[in-house]
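Let me begin by presenting the structure, written as structure tokens, before commenting on it.
The values are calculated or read from the model by the stated rules, or taken from the named source; none is laboratory data. Keep in mind that what you see is a predicted model, and the values were worked out from it rather than measured. Positions of Cβ are backbone-derived with ideal geometry, glycine not excepted, and every protein chain shown enters the neighbour counts. Ligands, DNA and RNA are excluded from the accessible area calculation, which covers all protein heavy atoms including side chains. Shrake-Rupley method; radii C 1.70, N 1.55, O 1.52, S 1.80 Å.
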Amino acid sequence: MLLGEMTSPEIDGLPRDIVVYIPVASCEQHSLHLPVLTDSLIGEEVARRVHDRIPNDVLVLPVQWLGYSQHHIRYPGTVSAVSQTHLLLMMDIVACMVEYGFRKILIQNSHGGNGANIQVLLQRLMERYQEGEAEFYTRWAWASADTLNRIRDLPNGSGHAGETETSMILALRPDLVRTDKLDPDGERDGMRAPGMSSYYRFDQRTEHGGVGDPRPATAEKGQRMLNASADEIAEQVLAIRKLSPYGSK
């Protein structure tokens, strides 16, 4: 079911154990060759393909394109929430669906910068719904690395605007890919101490806002990646729906 195409009474008539599927993404720079809505286009398409496979088991919400992209903010066209706004926005979306009685919530994330807030969101949802009113899950919008590595040429081809994302957009909207500007990019030398984590803006980390090599990308690989992602997630959605409610005997 696609929430945005349904009437309110139709939504109210759905079984409450259907999996509410919330795609969250971003609007941010993607190097020299991909559009700023890359993450949203990919996340929306994977969610649509999951829906096509199991339409009676998911209620897919419109993609939430406003994400946390402050590390890209120096690049024009990036539209980002600050961390607290982003966290509260996701909380409000989930709270609406729980208020309507839906009990199984899955957040699909197609932007790496959202990951930290989603983990905090899960903590806060656990704190807010102490009596097991609902179950909350999250997963990445792409298939597993092992699956994608059987499709792509580069062993670490995901990156940011690299082989994986470029292939997917070539499959979806080839008219939006500036194929004359494909250029590898990556983290500058000396940006990390071994074994330590840190947080840098992309204009500090890279030459032109990419990580990885987009040149091996093809539309054929992109279709395979999108289908593999939808297959994997659809299987997990069915597993979530079959789970017994928390606290049940």
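Structure data summary
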item	result
Per-residue ³J(HN,Hα) for region 169-179, Karplus 6.51 cos²θ - 1.76 cosθ + 1.60, θ = phi - 60°, Hz, x for Gly and Pro	6, 4, 6, 8, 9, x, 5, 9, 9, 7, 5
Chain lengthening between Gln84 and Met191 when straightened (0.36 nm per residue, less Cα-Cα)	35.8 nm
By accessible area with a 1.4 Å probe, ligands and nucleic acids excluded, highest first: order of Glu99, Glu232, Glu135	Glu99, Glu232, Glu135
Heavy-atom accessible area ranking, 1.4 Å probe, most first, across Tyr100, Tyr129	Tyr100, Tyr129
Net dipole in debye of region 1-55 [+1 Lys, Arg Cβ; -1 Asp, Glu Cβ; about Cα centre; nearest 20]	140 debye
Pairwise centroid distance, computed over Cα atoms, of region 37-58 with region 101-145, Å	17 Å
Solvent-accessible surface ranking, highest first, for Ser167, Ser198, Ser8, Ser31 at 1.4 angstrom	Ser8, Ser198, Ser31, Ser167
Extension gain from Arg201 to Arg16, taking 0.36 nm per residue of separation minus the Cα-Cα distance	62.4 nm
Of [x] 26.0, 97; [y] 18.6, 60; [z] 22.3, 67, the label for Rg and Dmax of the Cα atoms in Å derived from the coordinates	[y]
Approximate spin-label separation Tyr100-His208, in nm, with each point projected 7 Å along Cα-to-Cβ	4.4 nm
Accessible area per residue in Å² at 1.4 Å probe, computed on the chain	48 Å²
Accessible area of His86 in the full protein assembly, 1.4 Å probe (Å², nearest 10)	0 Å²
Accessible surface of region 46-118 [probe 1.4 Å, protein heavy atoms]: carbon and sulfur percent	58 percent
Backbone N under 11 Å from the Ala116 label point (7 Å along Cα→Cβ), restricted to region 64-105	69-71, 83-84
Helix-derived mean residue ellipticity, 222 nm - over the chain, DSSP H n ≥ 4, -39500 (n - 2.57), to 500	-12000 deg cm²/dmol
Fully extended contour minus Cα-Cα distance, from Glu5 to Arg48, at 0.36 nm per residue	14.2 nm
Selection of trypsin sites (Lys or Arg not before Pro), region 39-96, meeting DSSP coil and at most 14 other Cβ within 10 Å	Arg74
Area accessible to solvent at Glu235, 1.4 Å probe radius, in Å²	130 Å²
